[in-house]
Amino acid sequence: EKVVENTLHYWKEKSLEGKINATELSLVFTTNVISRLLLGHPGPFSVYREIAYAIDYINKFVMKRTWRQSVSDEE
């Protein structure tokens, strides 16, 4: 319940800014749930968000460079 409450609060903040990125939201939610399961207690949502961004960075940049794929300007 705590994970869902934090995620909904984050989503509400972003919607007030007029920006909702579904990919980012799902990444942060997934990281939050997995971290919650591994750690056994809810932590600060901001920490989980930073973990999600780090995972996303690794996926987009490091792996693409390892596989010698180009990185688009958007990424």
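Numbers below:
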read-out: For the chain, built as a Gaussian network whose Cα springs stay under 10 Å, the top-fluctuating residue of Ser35, Ser26, Ser15; value: Ser15
read-out: Given charges at beta-carbon only (K, R positive; D, E negative), |dipole| of the chain in Debye; value: 220
read-out: Accessible-area composition of segment 1-59, carbon plus sulfur, in percent [1.4 Å probe]; value: 63
read-out: Cleavage-rule hits, trypsin sites (Lys or Arg not before Pro), the chain, DSSP coil, Cβ neighbours within 10 Å at most 13; value: Lys19, Arg68
read-out: Estimated 222 nm signal from helices in the chain, with DSSP H stretches of n ≥ 4 weighted -39500 (n - 2.57), rounded to 500; value: -21000 deg cm²/dmol
read-out: For segment 30-37, Karplus couplings with θ = phi - 60° (6.51, -1.76, 1.60), whole Hz, Gly/Pro x; value: 4, 4, 4, 5, 5, 4, 4, 5
read-out: Solvent-accessible area per residue, Å², over the chain with all protein chains present [probe radius 1.4 Å]; value: 77
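The values are calculated or read from the model by the stated rules, or taken from the named source; none is laboratory data. Computed from a predicted model, the values in this text were never measured in an experiment. Note: ideal-geometry Cβ built from the backbone for every residue, glycine included; neighbour counts use all protein chains shown. Side chains are part of the model used for accessible areas, which takes the heavy atoms of the whole protein and leaves out ligands, DNA and RNA. Shrake-Rupley method; radii C 1.70, N 1.55, O 1.52, S 1.80 Å.
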